[in-house]
Amino acid sequence: MVLGGAKRLASITEILVPFMGILYVLVSLLIIFLNIRNVPGMFASIFHNAFDLQSVMGGFSGSCIMYGVKRGLYSNEAGMGSAPNAAATASVSHPAKQGLVQMLSVFIDTLLICTATAFMCLSTNVVPTEEIAGAVYVQNAIASTLGAAGPVFLAVAMMLFAFTTLLGNYSYCEGCLEFILHRSIKKHELLFFRLFATVIVFIGAIANAGLVWDTADMLQGMIVVVNVPTILILGGTAIRCLNDYVASRKRGENPVFHAKNIGIKEETDFWK
């Protein structure tokens, strides 16, 4: 699939991602419904653990926030600047259109998928421990309600989530490589890069989990450090772009963007 290029990657992920996302949420709702008696206690536990002394001190020290930020980056990549690589390939008449779609993706990923996972686990009687944590905790929670079929479903779902994530991230890398080289990539160079990327994925799959997480946390943190100042610098341009979109909608027009309309005087590759 990687050798087939960006178009093949897009054709695969546009089918897999909606299917697995909808199915995962439906299974989560089923488990919550089957454990409906535990739901009031679940919400009581959420608020109790959020505001007890240990959680409050963890919040003040920044440890809870830091852990949430690290895992949040894996969830939706907001602020990293990686998702715009995919958004930039969309064919729209105004960049604000795709920007609004990207905002919706953060909502779906974090507030829908992640919340469904949390509620699904907390509505069961399975208590997380040091031995039962992460994916093992989710597997045990599903198994307590759906039996042996539960962990199998989760394994398949995680495989599909990870698989499409790898495909998407690879497509980002290919686009960034072309930007760095300032030219089209030759066929033999592209083949070497694709094989190299596949080897890296293989190494990551068999490496120590702690090493993989720590390395990923460090590298993602570096991405944020680079990208957040860029967001602040371009923030004014983004707001003017949004205002141009809103003004067109108020006039009853289909928004069509031109860089000069918001005061961009530099030569642009698109939106002239």
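Quick grid of which residues meet (1) within 30 Å of Leu73 (Cα to Cα); (2) open to solvent by less than 100 Å² (accessible area, probe 1.4 Å):
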| residue | (1), (2) |
| --- | --- |
| Pro229 | yes, yes |
| Leu232 | yes, no |
| Phe257 | no, yes |
| Glu267 | no, no |
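Could you tell me whether segment 168-177 includes any residue that is free of Cβ contacts under 8 Å to residues at least 40 places away in the same chain and charged (D, E, K, R)?
Looking through segment 168-177, none of the residues is free of Cβ contacts under 8 Å to residues at least 40 places away in the same chain and charged (D, E, K, R).
Looking only at segment 238-254, filter to residues that are surrounded by 14 or more Cβ atoms within 10 Å (Cβ to Cβ) and either at pLDDT below 90 or among the small types (Gly, Ala, Ser) (or both); which one of those is nearest to Ala96 (Cα to Cα)?
Among residues in segment 238-254 that are surrounded by 14 or more Cβ atoms within 10 Å (Cβ to Cβ) and either at pLDDT below 90 or among the small types (Gly, Ala, Ser) (or both), the one nearest to Ala96 (Cα to Cα) is Ala238.
Looking only at helices (runs of 4 or more DSSP H) that lie completely in segment 70-180, which have at least 3 residues being out of contact with any helix residue (DSSP H, G or I) (no Cβ under 8 Å at 6 or more places or on another chain) and open to solvent by 70 Å² or more (accessible area, probe 1.4 Å)?
95-106
Any residue in segment 198-224 that's loosely packed, with under 11 Cβ neighbours inside 10 Å: show its pairings with residues that are of a type outside the set (A, V, I, L, M) and in a helix (DSSP H, G or I) at Cβ separation under 6 Å, as long as the two are six or more apart or on different chains.
Listed pairs, sorted by first residue: none to list.
The values are calculated or read from the model by the stated rules, or taken from the named source; none is laboratory data. Please read these numbers as outputs of a predicted model, since none were measured by experiment. When we count neighbours, we look across all protein chains shown, and the Cβ atoms used for this are built from the backbone with ideal geometry, even at glycine. Accessible surface areas use protein heavy atoms only, side chains included; no ligands, DNA or RNA. Shrake-Rupley method; radii C 1.70, N 1.55, O 1.52, S 1.80 Å.
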